[in-house]
Amino acid sequence: MQNVSPRKHVIPFRSVIKWMVRLRRSPRAIAGGFALGTFIAFTPTMGVQFAIVLFLATLLNMNRPAALVTIWITNVATMAPIYTFNYWVGSLMWEGPSTADVYHVFADLAVQMMKLDGWEMLEQFKAVMNLSQEIIIPLIIGSILVGLIAAFIVYVASFAMLRYLLMRKHRKRILS
């Protein structure tokens with residue numbers, strides 16, 4: 001029987017984390033990329049998130065691979081619950097239809113997007129932007145608020161983790 005180290009279970013994405021640390025970028029740039037991708041993932045820009053993240057990460061000198069990894073938080077399987085939550089947050093500030101009605105709209109939209117080819121990104125974005133004004137305004141407000149909070153949490157957590165991993169690597173190098 002194969003002996004599996006318990007450490008591999010603690011960090012299931014260990015190879016991805018090692019790859020991110022090996023990128024010759026600062027922890028600040030990598031954490032910034034994670035945060036940027038997280039923020040964009042929570043905005044109703046499905047279909048064009050890839051282009052937005054590449055443009056902004058390049059413009060802001062953030063790590064592009066880290067930003068691209070995190071935009072996949074929203075996809076056709078997660079968009080209904082995430083966008084409904086964002087809508088609910090926004091509806092606390094801007095009145096709109098009931099959250100239950102909006103969830104059904106997003107669930108139907110997800111089914112519609114599943115029928116699209118993965119490369120029909122502009123069509124996916126148009127489908128989201130064709131939502132009624134009563135839904136889109138609270139959705140945008142909530143998405144910005146939730147995205148900012150999530151991005152802040154991701155930035156702080158990933159920056160701390162990356163600094164820890166780099167310091168640990170540096171300590172090992174000194175001891176060797």
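Keeping the other protein chains in place, figure out the carbon and sulfur percent of the accessible area of the stretch 35-173, with a 1.4 Å probe.
Ligands and nucleic acids excluded, carbon and sulfur give 70 percent.
Using a ≥ b ≥ c from the Cα gyration tensor of the stretch 118-176 (square roots of the eigenvalues), is it rounded, prolate or oblate, where a/c under 1.5 gives rounded and otherwise the larger of a/b and b/c decides, a/b for prolate?
It is oblate, given that a/c is not under 1.5 and a/b is not larger than b/c.
Can you tell me the length gained on complete extension of the stretch Ala107 to Glu134, counting 0.36 nm per residue apart and subtracting the Cα distance?
Full extension from Ala107 to Glu134 adds 8.0 nm.
Starting from the Cα coordinates of the stretch 44-123, work out the convex hull volume and express it per residue in Å³.
108 Å³
With a 10 Å radius around each residue's Cβ, average the other Cβ atoms per peptide and rank 154-162, 53-61, highest first.
Order by mean packing, descending: 154-162, 53-61.
Please report the spacing between the Cα centers of the stretch 101-175 and the stretch 54-82 in Å, no decimals.
6 Å
Take the stretch 21-176, compute every pairwise Cα distance, and split them into 10 Å bins from 0; I just need the percent in each bin.
Over the stretch 21-176, the share of Cα pairs per 10 Å bin runs 12, 35, 29, 16, 6, 2, 0 percent.
On a straight-distance basis, which aspartates and glutamates could pair with Lys115 in a cross-link, Cα separation under 16 angstrom, same-chain partners fewer than 8 positions away excluded?
Glu123
The values are calculated or read from the model by the stated rules, or taken from the named source; none is laboratory data. Just so you know, these numbers come straight off a predicted model, no measurement behind them. Heads up, the Cβs are rebuilt from the backbone with ideal geometry, glycines too, and the neighbour counts pull from every protein chain shown. Only protein heavy atoms, including side chains, enter the accessible area calculation; ligands, DNA and RNA are left aside. Shrake-Rupley method; radii C 1.70, N 1.55, O 1.52, S 1.80 Å.
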